[in-house]
Each structure stands twice: as C-alpha cells, then as structure tokens.
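Inspection log for the structure reproduced underneath, given as structure tokens.
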Amino acid sequence: MQFHSHWNREELRCSVLSDNELKKLVLQPPQQRDNLFTLIESFCLPECYITVSLDAIPVRSASVTLSTPTSWKACPTDKHVQPIRIHYGYATSSSTWNDVQDAYFDVSSTNCYVAHINLTQNGITGLSFVLQLANGEWLKDYNGADFYVGNGHRNTPACVEVPLSSPWNPATVQLHRITSLYKQNPFWMAPDMPEARSLDSHSPNFDLLCDVQHETVFVLNELRKTHQHPQQDLSSRAGHLKARSLVEYVAILFLADAKRGLRTTLFSTGTYPAIRIESGRCESLRIDDISRAHTCYMLASPDVHTVTGDLIEEVSHRLRTFSSRRAKMRSPEWTCLMSRHQPILKSLGFCTWDAFGHNVSEAKVMDTMEWFRSRGVRFGYLILDDGWQGGGDAGPNFEHSPEAKRFTDRPCLVSYGPNRKFSGSVSVLRDEASTSVMVWTAAIGYWGGTSGSACNLQTRIVKGTISKGLRHNNIGDTKHWEKLCEVPVPTEENLSHFFNSYFGKSLSSVHKVAGLKIDAQSILETLHNGVYEDDKKTMDTRQCSLTSSYRSAITKAVSSAFPESIIVNSMACGQEVLFASGVNLSPANVCWRTSDDHAFPDLEESEGMVVWHILRNALNTILLGEIFPITDWDMFAVNDRFAKLHAVARVLSGGPLCISDRTPWNGNEGLAFLRSLITSDGTILRCSDPGQPTVDCIFEDPRRAPRKLFKVFNRSAVNGIIGIFNLHDSAVGSNMGGSFAPRDIHCFSRTPGNVSYISWICYIQRNTVSAFHHCSNDEQCFLEVLPLDAVLIHISPVIHIPLVGGLAALGKPGLLNAGAAIAAITISKKTSIEKPEHGKLNLSEPSQFISAEVVLHDSGEMLFWLDGLAAKSLLYVLHDCKHIEDVTYRIVSDIKFLLVTIPSREPRAIEFLFDST
C-alpha cells in the first residue's frame, strides 16, 4: 500500500492484517499446516482464542487449539488458561447430540494447547463441545452456550475470529482518540466514541480499540508520537503548525469481499480486539477462502478530512466492486446526470411515511397536496412510501396481511401495481397533484419477499439468520428479522425478469413513476443461508454473494427504467451492499440514506431522539459521504417542535429536502419557516458536498463531553457554512458557549493566511443575527447556543480586487442556506462602460474601471460587504446594464453591509462597477 503520510513505516504498518499474517494466525499449530484440514472456525474469548479445524463434511477428524493472545498487553497475565479436556458430542443430519466423549489436550508450545478428535461414526455434520480447565471451570462461548462447529442444526452463521495485531508501533506511537462506526442491526450504522485517555496515562496505548463495539466496520484513529510533551495544547494557535508533525490520522476499513462471499468486522472481547470473518451461512468456512480474502485496509494522513476519502479510493481500486465519491464525480457521466432534471436534488419534496405510515391512501395524499397547494406550497416530487403496493395494505397490523403467502412470516409482494387503497394507477397522483411521483420498493419485493405464484417468478423460502455480532448488539432486533421470506432465486435470468417486470414494465411504463426509493437492501445479508441450498450439486456456491447478485440486477433495471432519475437507497448500510454498489456511475449508486428514521408514525420524537439522529448522520457521513455524492439525512415534519433543528441539519447535509406532515394544522409559523428553505421559484439550494463534523468534533461525543458544542460544515460554490448544535445531555436549561473559525471549513483551512472572511451568524430559535470579521482563517469568534438549538454561520471569503479593495458576497439572508445563493464571482477590467443615464462612455485608461460580476441562484434581497476602499470606489450596482435603485445599508455588529434587491427577471446576475483611480 502507498501511504499518504510523513511518518515512516516503522511507526505505521501498511496493512492491519496481511494475507501472510492471517495464515499465520489462523493456521498457527503445526499439525494444521498439512492438507488434512480444509474447514475452519474459531472463537475469541476474553481469556484465550480457540481454533477448530475440520477435515471435511461429513467430519472424520478435527483439531481443537487453545491459545493465549500475546500481542496485546491488555490480556490478563495473572490468569493462565490451561485446558484439560474437551467434552464433545456430534450431530448428524437426523440427530443433534450423540455419544458424548472426551479428548485431552497436549501442550504444543508456549500458551498453546492442542486436542485431536478422531470420529468413526458416518454422516457427522457438526460438533458441539465445551472445555474443562485445570481449575475445574467449564469454558463456553461468549453467550454461555456450548461451542458448535460444522453444518446443520445451527441458527447462527459460522465465523473465524482472529486476534488483531497492533497496527502501529507502540514504542513510538500513542493512540489518543478513536471514533468508530458499527452496525446496530443489519441495515444501519451507528457511531461510537470510547472515552479518550490522557496522554500521560500509564494505560496501554491500544486500550481504546479494546472498547469497540461488535460489528465495527470503520475506525478513525488519532495517533500522536510519544515524545510529545503531555501538556502541549494542540488546539492553541501557537501549537497548531507544530502539532501537524506530531498528529497522524489512521483510517481502518473492514471489508466485504464479494468475490469470495466473505465479510469482516472488528469487535472486542473486553481484553483485546479481534476481527470476525463470516460468509453469512451456517456452515464452516474453507481455509483456502479465508487465506485469500480481502479483510481490512488501513491508510494514514495528517489530514483527518482526506484520509477516509483516500482510503476509499484505494479500496475501491482493489475490490473493483464499487467506486468512491471522487471517482463518481470525476466521471463524464456525472455532469450529464446532474444536468438532467432531478427533482429530488432541486426541489422540495413530500414523503408519506411520517405522515401516514402504512395507512397511506390515495385520498389522504390528494387532500394533503391540495392543502399545501392552496397555501402556495408546491412540491417538486412526492415519495409514495410503504403501504401503497400489492401486499402492503396490512396497515398497523404489520405481521399479518390477507394478501400474504401462508408460509411466510410477513406480507409478500403479490402484484407490481398499487393495492385497493388506490384507484388503479399511481399516475393519477402525478396528474392531479402536478408533481413527479416516486414509489417505495423493497429489495426482495416486500418485507416477506415476493409471491412467486402471483408474480410469475422462481422463488425460494429462506429463513433469515443473524450474525453473532448483531445478536450481541441487538438481540431484540435479531428476533425481529429471523423470519421466513420468499426470495426470488438469485440467478441472473430470474432477477432480471423480476426487476425489469417490476421497475420497467409496471412502474415506469404503466404507472408513469418517475423514480424509486429502494428500501430494506441489507436484509439480503441475512438470507445467504439456504438460498443456494439446491444449487450446491451443480455449482460451487462458496463464492456466491446474494447481495452482489441483487445489486447488479437492481442497477441494470434502474438504469433501463429510470435512466435520468436518481434513486434513493435506504436501509442499505451493511458492508455487502456498500461494497457491491457498483463500479460505474449510475442513478442507482448516487444517493444513500445514512441513518434510521428520526421518528416513526404516531410516535412523538423526544429530545434524545433528535440529538442522536443529528449526531449519527453527521458521523456516519465521514464514511458514507466518501462513497456516495449525495447523502440523505431523512425527511422531517415542518410543523413540529424540532423542525428548525432538523431543517438546519438537512441544509448542512447537502442532500434532499423532504417533509412529511399531516394536515391540516393551525397557525402559519410552519409555512413561513418552510419558505425559508426554498427560493422564489420553489427550488432548493443544496451544498456541494456531504456535510461532515469539524476536526474538533470528530472524536468527542457532544452528549457527554463537558461544555462541548457539535459543529458540522459544508460549502457551496463560493461560500462556506457551519452549523453549531447544543446537543449535550444536560442541555435542557443550560446555554453553552463555544467558538468557530473559517478553518473549520476544510477548503478554507488551506487558504493563505492573509485572506480574511466575513461571517453572517443566524441564531435559529432567537431569530436574531450577528456578524464577525475574521482577519485570517484561524481567527475565532465566540458565541453562545441555547439548549437544543442551532446556530448557522455563513462564511464568505473576502475577494481582494487590485486597486479597489475587498468584496464579500454573503448571499440571501432570508434563506436558511443563504450563502448558496451565490453561484460565482468574476473580476474583470473594463475598456468601456455603459452608464445607465448617459449611454456608452469610451475610456482613455483601459484599467480605470473594474467589474465584479456576481452570478446568483435567486432574486430578492442579497447581502454584500465592501471594505472602506471598495465602498469609496463603487460607482454602480447594475442588473442587465441598468442601475439598481433599491440599494441600502445595514449595520450588524458594527459591520456595515450592502443590501441589494435583485429584480426577479433574468439574468440572475449583478455587476459591481468600481473606479480604480
């Protein structure tokens, strides 16, 4: 691997777990190095790790090895684990527990014990066992159950667990802080920030990795060299440049290798970190597959905001199953896709889910659209969410539907059209509401799958199986998804027939649907076991990936049916879906939901829920925003007590703006606030990138950190934007102070030190504004944020115009995303001008007059700042070569601003004309 790092390879290792290291760790005992054993499973426990090797299925011979990890000092040294015997039974295809026997351990090497098992019974499919230790105790799996290896009679996928060796040199490098992302359930990621330890702590420098959650897929580490003085303040102005040579950020990504049907996650036993490799199937893994798998990758950089993107670029080149955000935006197709009419990116939308849930109907949607239209609000698109399609009319009684197949646990898709709550075609809504209609679909049809008989499809009944790590994280959710589903058989021909019939022939051609929201995609990770059962005799199914097969078919069908419409991907944050999202840019791999719902129908949102939603989206975007150009932070209700907090977050996200309200409601506050999200012609102004936390907010949980505000930044064509949130647990009744600087916006942190900036500061709840002039990109402004409130800061760089002075274009103050109203600024010299009153004037000095043309995305009041010299040099403010009369001055925080009212007619541009003499 090539490092983006100024540290040497003695301090950082280029791969967390190379192929050779994996073989060494998994195949450590000498007797496992011959060709006798082909299958393997292993278990990492706090005291030791156990490796079980099998010759084949049926099993005739097995080897059990118990070892104590030595590479992590956190392992207990005062408790030596010495096994005496293994107490085991075996399972066959017809019975689960037979002929209990014992085998005894021999000492193979230091801290390594081996027991051999030779079986004479025919047809053995698996072994169940426990270990007895020298002190008389019995050693079992982490959940207190007996160990089980092999095939059959198990409901948890098999895995190989391996202790993780330290990725850096502990003699010279100190792990200071980490932020990780882990899977709470099959569909969604969540952030975790273990408590940071002080640099002068005597604790081992890797203890933070010993605190990670099960199913961790991404870790961002802050490392510092150990010769740094413990008391040095790296956040201070004086120590900032020196700190760059002492701080390095290391990103570690755990992969899903679709070519080998394996995925890897990180977890902790409580005493040492380990990786878990699994296929999703309830059968032992093959040693050959494990030794060749892509497991995890690491990259280092002094820049925390580029290291993840660099890592994603590197991994995408190696796996060749997905592409990075940078690669997508570099492709020629990107400009073409963005130039097409994309309502989801350019217009305010309405989604039916929060408003109606499964009880959505044509009448309710029509009444809602008419209510908004009568009040001057028009939507560019409507998302008809879950509950519209055949099989989806179960309403709140989710586990039962009269249309469901009798042998599945949940409703199945029984037709490619709407259910009886709609008049026959979704196109009626498009025509009556005068808006584009997108519809909700699920990756396997519906929550229970698709009825093969009703939809003329080859299907297979499969029961969901949940991984060991997900069981640990959320046992309640585990039971919720261990259900029988009727799954379309994953052959290329069958899946092509399914998605083309559904998306193309039905939704696009018949119902005139404009686009899709494809939900529940990561449910595919739970359905590997059994879906290929009938194919094992005719093909090698080890390297089959159900998720890859489905994603490939979805991408082709979407590109055919909706070539010009960006699709919303939801419940799709599992590794297999992310890393199988497609190499080439398509409408199916641009927009990604980054978190679970902020609330659910008929469930009132609490303070904790809104705080967690904002925090989760922002931190998840550190990873997901480097894979996908558009991140969707979910819909929200505009007539809600947390509406403004959610709206600020959505503006910062750079993603869609979509509301979901029940109507009617009393009062105009919600409608007035809604108009601050859209321009005068009804479009929305999006930021350029996925929003991310500022560097000082990545590694500390603002709910727990003392007096810590949470900051998210983004940028538009000219300006930057920062949102500052008070999300602390004790926020109720407690104002909190903090600061910001232009360098918090990543693109401004690299500008020359002599560039100044103007900040326009909007206090959301107070409905007040202030301003600040930064003489450099690191000059801080201090402010105070109310409990559960946000402050939006629009930061505009001051453009130095030679011989004239400084100009800053801050944007439209009436909009929540004010700075995005500025599209471009061009400075040029004039050889002649046309004076508004006297016509054309020829100049004797070609450089006497200088023009600053500002291209805009909206009309109405726009805010500008001129320094003293530029204000004296200003001759005219022109629109379409005509003098703008409506120009006033406004003083905020002792700073004088120019307020220009732009006519609504084209062009959307004005010109400042300066005299440079």
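Here are the numbers for this structure:
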read-out: Quotient of C-alpha Rg and 2.2 N^0.38 Å, computed over the chain; value: 1.03
read-out: Farthest positive-ward along the chain dipole, Cα basis, beta-carbon charges - from 526, 158, 343; value: 343
read-out: Rounded percent of accessible protein surface that carbon and sulfur make up, the chain, 1.4 Å probe; value: 48
read-out: Qualifying aspartates and glutamates (Cα of each under 17 Å from Cα of residue 829; at least 8 residues distant if same chain); value: 845, 853, 911, 915
read-out: Exposure rank, largest accessible area first [334, 168, 138; 1.4 Å]; value: 138, 334, 168
read-out: Whole-number accessible area per residue in Å² for the chain, which is evaluated in the context of all protein chains at 1.4 Å; value: 37
read-out: CD proxy at 222 nm, helix term only [per DSSP H run n ≥ 4: -39500 (n - 2.57); per residue of the chain; nearest 500]; value: -5000 deg cm²/dmol
read-out: The chain - percent relative contact order, Cα under 8 Å, separation 6 or more; value: 8
read-out: Over segment 800-916, equivalent-ellipsoid semi-axes from the Cα gyration tensor in Å; value: 23, 17, 12
read-out: Heavy atoms of residue 370: accessible area, 1.4 Å probe, square angstrom to 10; value: 90
read-out: Helix axis angle, 362-373 relative to the chain longest principal axis, alpha carbon, degrees; value: 30
read-out: Most positive-pole-ward Cα, 415, 388, 827, against dipole of the chain from beta carbon charges; value: 827
read-out: Segment 575-630: GluC sites (Glu not before Pro) falling in loop per DSSP and having at most 12 other Cβ within 10 Å; value: 604
read-out: Computed magnitude of the charge dipole of segment 800-916 (debye, nearest 20; Cβ of K, R +1, Cβ of D, E -1); value: 80
read-out: Residues with amide H under 5 Å from that of residue 790, placed H, sequence gap 5 or more; value: 764, 765
read-out: Across 346/882; 346/708; 346/556; 644/711; 183/468, pairs whose alpha-carbon gap is larger than 23 Å; value: 346/882; 346/708; 346/556
read-out: Computed magnitude of the charge dipole of the chain (debye, nearest 20; Cβ of K, R +1, Cβ of D, E -1); value: 1140
read-out: Solvent accessible area, Å² - residue 317, 1.4 Å probe, full protein context; value: 110
read-out: For segment 791-805, 3J(HN,Hα) per residue [Karplus equation, 6.51 cos²θ - 1.76 cosθ + 1.60, θ = phi - 60°, Hz, x = Gly/Pro]; value: 10, 9, 10, 9, 10, 10, x, 7, 8, 7, 9, x, 6, 10, x
read-out: Which of 182, 299, 500, positive extreme of dipole for the chain (C-beta unit charges); value: 500
read-out: Rounded tilt (10° steps) of 607-624 against the dominant C-alpha axis of the chain; value: 80
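The values are calculated or read from the model by the stated rules, or taken from the named source; none is laboratory data. Not measured: the values here are computed from a predicted model. Every residue, glycine among them, receives a Cβ derived from its backbone with ideal geometry; neighbour counts consider all protein chains shown. Each accessible area value is taken on the protein alone, full model and side chains, heavy atoms only, with ligands, DNA and RNA left out. Shrake-Rupley method; radii C 1.70, N 1.55, O 1.52, S 1.80 Å.
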